[in-house]
1. In the set E200, E256, E224, which member is open to solvent by 10 Å² or more (accessible area, probe 1.4 Å), more than 25 Å from I145 (Cβ to Cβ) and of a type in the set (D, E)?
2. Look at region 118-148 and say how many of its residues are touching a helix residue (DSSP H, G or I) at 6+ places or on another chain (Cβ under 6 Å) and either away from the ligand (no atom under 13 Å from the Cβ) or assigned to a loop (DSSP other than H, G, I, E, B) (or both).
3. Going by what's in this entry, would L235 be described as in contact with a helix residue (DSSP H, G or I) (Cβ under 7 Å, 6 or more places away or on another chain) and surrounded by fewer than 19 Cβ atoms within 10 Å (Cβ to Cβ)?
4. Take P151 and decide whether it is within 15 Å of the ligand (Cβ to nearest atom) and not assigned by TED's automatic domain parsing to the domain that holds Q212.
5. Might you let me know whether region 55-62 holds any residue that is open to solvent by less than 60 Å² (accessible area, probe 1.4 Å), under 17 Å from the mean Cα position of the chain (by Cα), among the hydrophobic types (A, V, I, L, M, F, W, C) and at pLDDT below 95?
6. Which ranges mark the helices (runs of 4 or more DSSP H) fully within region 166-283 that have 1 or more residues being farther than 23 Å from D103 by Cα and more than 16 Å from the ligand (Cβ to nearest atom)?
7. Among the residues of region 157-197, which ones are hydroxyl-bearing (S, T, Y) and open to solvent by 60 Å² or more (accessible area, probe 1.4 Å)?
Amino acid sequence: MTVLGVVEIGGTKTDVAFGSTPGDLSRPVRITTTSPAETLDSVVDFFSSHPVTAIGVSSFGPLDLDRSSATYGSIVATPKPGWSGVDVLGHLRSRTGVAVALDTDVNGAALGEGHWGAARGMSDYAYMTVGTGIGVGVVAGGSLIGGERHPEGGHIVVSRLEGDRHPGSCPYHGDCLEGMASGPALETRFGRPETWAGDESVLSLVTGYVAQGARNLVYTVAPERIIIGGGVSRLPGFHEAVRGRVGALLNGYPGEPDLDLLVSPPGLGELSALAGGLVLAAGAR
Ligand code: ZN
């Protein structure tokens, strides 16, 4: 059996594992994301003890995914210190000696959910993460959509909820979707995440913004399903609350989708992006 390597590089932690399907994936080993050299060395070390035939990487971004670009496979300018311009793909290819494929964390998660999770068999769906940041991966007609750059669905314009005076935490846009509803944006208003479960004001606020993101997806790409994952989405009642808010926003417009089918938690739990790494690795060159 072909053993593939998978990596999910996040802003604070990096997970590595190997396997051929989500069902036989090794228990992910968690590395703290520190400097690029230290973090990527730990990834290389892991695969020298666990040989694989190819590696699929889902990473935070923004990433240069233009195959004709001289910096293809690199992290583009990021506020995360030391990571701007780091050639993740080239580094892992040269150090491991196997084929490596790279995509964004949300595109990876979308691929995983489409192959094995809540969007299995669907050709039009989206995966949104709501956590440290907000991102969206969209599959349309069976393929991930991307243009000159990968989409950045977390940075769309949202309407400010009544009474919300938070200036927004996005360093570029202030009150974009991510600036208003990411984990750090919620922490500014409500304190530590451990206190959020059961707090109706947290749930109401975050789903009020996330539902606007879902509405935009409904009207721009008409997905059969919008899977919402990430740490904030694990608040009790989150998906049910998003369904209600989306329904209110669509307000009976003709062709309204079945909201129970539309809004879904991930079918793979926290493994969506690592599972997507298997899909990426299978197509790596
Ligand atoms: Zn923004």
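1. E200
2. Selection size over region 118-148: 13.
3. no
4. Taking the combined requirement at face value, the residue does not satisfy it.
5. So far as region 55-62 goes, yes, one or more of its residues are open to solvent by less than 60 Å² (accessible area, probe 1.4 Å), under 17 Å from the mean Cα position of the chain (by Cα), among the hydrophobic types (A, V, I, L, M, F, W, C) and at pLDDT below 95.
6. 183-190, 200-221, 238-250, 259-262
7. Those that are hydroxyl-bearing (S, T, Y) and open to solvent by 60 Å² or more (accessible area, probe 1.4 Å): S159, Y172, T188, T195.
Quick grid of which residues meet (1) over 23 Å from L25 (Cα atoms); (2) surrounded by 24 or more Cβ atoms within 10 Å (Cβ to Cβ):
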position: D64; (1), (2): yes, no
position: V76; (1), (2): yes, no
position: G108; (1), (2): no, yes
position: G114; (1), (2): no, yes
position: A119; (1), (2): no, yes
position: S123; (1), (2): yes, no
position: Y127; (1), (2): no, yes
position: G135; (1), (2): yes, yes
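The values are calculated or read from the model by the stated rules, or taken from the named source; none is laboratory data. Nothing here was measured: the structure is a model prediction, and the numbers come from that model. Virtual Cβ from ideal backbone geometry, glycine too; neighbours counted across all protein chains shown. Surface accessibility is based on the protein's heavy atoms, side chains included, excluding ligands, DNA and RNA. Shrake-Rupley method; radii C 1.70, N 1.55, O 1.52, S 1.80 Å.
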